[in-house]
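Take a look at the structure below.
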Amino acid sequence: MLAAWLRKTLVVAFLILRTIPLFAQEDVELQNIYKTWRESSSLDRAKNDAQKVATKSQLKDDQKIQLNGLASIIGMIQDGLRKKVPCKKIESSILINYGDPRDKSAKPAFVKVGQKILKDVCPKL
Amino acid sequence: MTYIGLVILFLGLIAQAHVEDVITAEDQEEAQTTTKKAVDKVIDLNRHGTNVLNSVPNAPCACALRTEPQTSPYEVCTTENSYLEKSLPKKTSLVVSKDSHAIDPFCILGAQRRFPDPGFAGTCATLTSYPKKNQARPCLSEKYLSFVYNSFSKVAKCFQIPEDEIFPSLALESGFHVNALGRNMDAGISQLTGDLIQAVNDSYFDTFLKKAQSSSKCTAILPYFKPLPTETKLRCAAMMPPNNPIQNLIYAAILFKTNHQVIETGVKSVKGKLPKDLDMEALIQALTVLSFNVAPGSIILTLRQFISSRGVNLGADDFKMTRDFPNTFASYMKLNFPVPPENENSRRNVISVYVPAALNLGRKIEGQIGGDKKCLPPGLERLL
């Protein structure tokens, strides 16, 4: 009986928690942009989506900053590819401009997503 | 019973929401405290280890810097702290730059004096040996100051960097010590890490080397214009004289130039939205100081969102680099700056007090030197 009660409570609690933005995954919007890129293979579309989502009024400012940051990184990747800049150099420029050049491992979420996109574009990286 | 469970859960959520409110109120209260208080807190300002703020207990008095005729501003070297002396050029005298942005050599001595002793100095047997941590601060001799100041001047001249604009970051990061060594093996005056060396080597080194080779202003530093190794075990290469501090400072200069360009372009792109009475040059200088600690692109992203959120209600005071008021850009950075989620609060806290910390350090050094000697660019004062 206790197990049944616990199960019911947990299910109801889970449904309630999902509706509360306090518990929403912070970088879900960034992940959606990554999904867009994977599904469309279009850097243009991913960049435009990131810029568009960043204008949503219900997002917090720090989320908007990260989305605009991801759009900028995608722009850097496009620019680098157009100019035939080596992928390693593009990655370094991303880290110097948006990550922590002193510590590669300390990156904001949008830089991680940007690097994932770069790795898709340059599998040898 | 399910009902009771839900009630308990609901009460828990209300309590959590209340805690969130309390945190926000505390944050705002903290944001309203004076910058001086925020800066004087014992914060490990440089996340990689060094901290040259006045919060260091038993920091030596720098009163001797006031140039009283009978008092020498230099230290008498001991066996413990004279380890660099033999690596310094035998005949070195101060060559004071005549550039209008040149700093007084005593600005550097002031920064060196404020550096903790012992704690953040490393020693090396050779260029290829592993540095030994936690050593005594090097002896503040005339020879040491001349060597560091002249090297700094030569690099600034080659890269055409205003000395007073890069001074605050370097003073804060390493106290201008050739062998400063942070907890994560960040080495030398520029506090170089393997990742930073790698990023500069990959992206910018060759471009700047070519420019230096074609400039007569760079002749003096060209022998040292060589890429540094990235391996931690070879970190002495970024610390040992006589190659350093020039070889190390070249990296700081490259970083300054590239960061400054990103910041300048970014600030100018929002020029039309900035208050008319805001000193744009001072804002560029202040954000360039900050870019020594965080990525310049992220600073510009945050600046743009700040302007966009505040709309037309912006005044010059909102761009003050202090957290004295909740509406300043510094307060906004404390809440919104993009940082890794793992240590969000502590990083944002450091970022939001970095510029006032660097400027207050510069001011304190100016106070110790006395007279009208300046270590900081004049425009920056207006942003405090």
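The values are calculated or read from the model by the stated rules, or taken from the named source; none is laboratory data. Given the structure is predicted, the values throughout are model-derived calculations rather than measurements. When we count neighbours, we look across all protein chains shown, and the Cβ atoms used for this are built from the backbone with ideal geometry, even at glycine.
Can you tell me which residues in segment B:203-230 are loosely packed, with under 14 Cβ neighbours inside 10 Å, of a type outside the set (D, E) and either within 13 Å of another protein chain (Cβ to nearest Cβ) or in contact with a Pro (Cβ under 6 Å, 6 or more places away or on another chain) (or both)?
B:T207
Going by the structure shown, is B:Q247 among the polar types (S, T, N, Q), under 18 Å from B:E173 (Cα atoms) and away from every other protein chain (no Cβ under 14 Å)? Talk me through it step by step, then tell me what you get.
Working: among the polar types (S, T, N, Q): yes; under 18 Å from B:E173 (Cα atoms): yes; away from every other protein chain (no Cβ under 14 Å): yes.
In short, yes.
Kindly list the number of the only condition in (1) exposed (fewer than 11 other Cβ atoms within 10 Å of the Cβ); (2) modelled with pLDDT under 95 that fails for A:F23.
Of (1) exposed (fewer than 11 other Cβ atoms within 10 Å of the Cβ); (2) modelled with pLDDT under 95, only one is false for A:F23: (1).
Please name all residue pairs, on different chains or six or more residues apart, with Cβ atoms under 8 Å, provided the first residue is in segment B:102-123 and is of a type in the set (S, T, N, Q) and the second residue is surrounded by fewer than 24 Cβ atoms within 10 Å (Cβ to Cβ) and not in a loop (DSSP other than H, G, I, E, B).
B:Q112/B:L145; B:T123/B:K132; B:T123/B:Q135
Out of everything in segment B:331-350 that is within 11 Å of chain A (Cβ to nearest Cβ), assigned to a helix (DSSP H, G or I) and aliphatic (A, V, I, L, M), what residue ends up being nearest to B:E173 (Cα to Cα)?
B:M333
Anything in segment A:51-67 that is closer than 19 Å to B:P341 by Cα, in a helix (DSSP H, G or I) and not basic (K, R)? List them, or say none.
Of everything in segment A:51-67, those that are closer than 19 Å to B:P341 by Cα, in a helix (DSSP H, G or I) and not basic (K, R) turn out to be A:D61, A:D62, A:Q63, A:I65, A:Q66, A:L67.
Could you list, in sequence order, the residues of segment B:291-321 that are touching a helix residue (DSSP H, G or I) at 6+ places or on another chain (Cβ under 6 Å) and more than 13 Å from chain A (Cβ to nearest Cβ)?
If the condition is that a residue be touching a helix residue (DSSP H, G or I) at 6+ places or on another chain (Cβ under 6 Å) and more than 13 Å from chain A (Cβ to nearest Cβ), then B:F319, B:K320, B:M321 are the ones that fit.
If the Cβ limit is 6 Å and pairs must be 6+ apart or interchain, which residue in segment B:230-242 that is touching a residue at least 24 places away in the same chain (Cβ under 8 Å) pairs with which residue that is assigned to a loop (DSSP other than H, G, I, E, B) and of a type in the set (G, A, S)?
Note: pairs meeting the criteria are B:C236/B:S129; B:A238/B:G188; B:M239/B:G188.
Which members of segment A:95-114 meet the condition of being touching a residue at least 40 places away in the same chain (Cβ under 8 Å) and either out of contact with any helix residue (DSSP H, G or I) (no Cβ under 7 Å at 6 or more places or on another chain) or more than 7 Å from chain B (Cβ to nearest Cβ) (or both)?
Keep residues of segment A:95-114 that are touching a residue at least 40 places away in the same chain (Cβ under 8 Å), which gives A:108-111, A:113-114.
Correct list: A:V111, A:V113, A:G114.
Hey, any hits in segment A:51-72 for a residue that's closer than 24 Å to B:S203 by Cβ and either of a type in the set (K, R) or away from chain B (no Cβ under 11 Å) (or both)?
Applying the first criterion (closer than 24 Å to B:S203 by Cβ) to segment A:51-72 yields A:65-66, A:68-72.
Add one more test, that the residue is either of a type in the set (K, R) or away from chain B (no Cβ under 11 Å) (or both), and what stays is none.
No, every residue in segment A:51-72 fails to be closer than 24 Å to B:S203 by Cβ and either of a type in the set (K, R) or away from chain B (no Cβ under 11 Å) (or both).
Among the acidic types (D, E), touching a residue at least 12 places away in the same chain (Cβ under 8 Å) and in a helix (DSSP H, G or I) - does that describe any residue in segment B:261-276? Give the derivation first.
In the first step, residues of segment B:261-276 are kept if they are among the acidic types (D, E); the result is B:264.
Narrowing the set further to residues that are touching a residue at least 12 places away in the same chain (Cβ under 8 Å) leaves B:264.
Going one step further and asking which of them are in a helix (DSSP H, G or I), we end up with B:264.
There is at least one residue in segment B:261-276 that is among the acidic types (D, E), touching a residue at least 12 places away in the same chain (Cβ under 8 Å) and in a helix (DSSP H, G or I).
Name every residue in segment B:303-344 that is closer than 15 Å to A:A109 by Cα and not aromatic (F, W, Y), in order of residue number.
Of segment B:303-344, the ones closer than 15 Å to A:A109 by Cα are B:336-344.
Selection gives B:N336, B:P338, B:V339, B:P340, B:P341, B:E342, B:N343, B:E344.
Would you point out which residue out of B:V155, B:V200 is in contact with a helix residue (DSSP H, G or I) (Cβ under 9 Å, 6 or more places away or on another chain), of a type in the set (V, I, T) and within 14 Å of chain A (Cβ to nearest Cβ)?
Working: B:V155 fails: within 14 Å of chain A (Cβ to nearest Cβ).
Going through B:V155, B:V200 in turn, just one is in contact with a helix residue (DSSP H, G or I) (Cβ under 9 Å, 6 or more places away or on another chain), of a type in the set (V, I, T) and within 14 Å of chain A (Cβ to nearest Cβ): B:V200.
Do we find a residue being in contact with a His (Cβ under 8 Å, 6 or more places away or on another chain) and hydrophobic (A, V, I, L, M, F, W, C) anywhere in segment B:100-112? Quick ask: steps written out before the conclusion?
First, the residues of segment B:100-112 that are in contact with a His (Cβ under 8 Å, 6 or more places away or on another chain): B:112.
Then keep just the ones that are hydrophobic (A, V, I, L, M, F, W, C); that gives none.
No, segment B:100-112 has no match at all.
So which of B:I299, B:I369 is out of contact with any Cys (no Cβ under 8 Å at 6 or more places or on another chain), crowded, with 18+ Cβ neighbours inside 10 Å and within 24 Å of B:D164 (Cβ to Cβ)? Write out each step before concluding.
Details: B:I369 fails: out of contact with any Cys (no Cβ under 8 Å at 6 or more places or on another chain).
When all the criteria are applied, what remains is B:I299.
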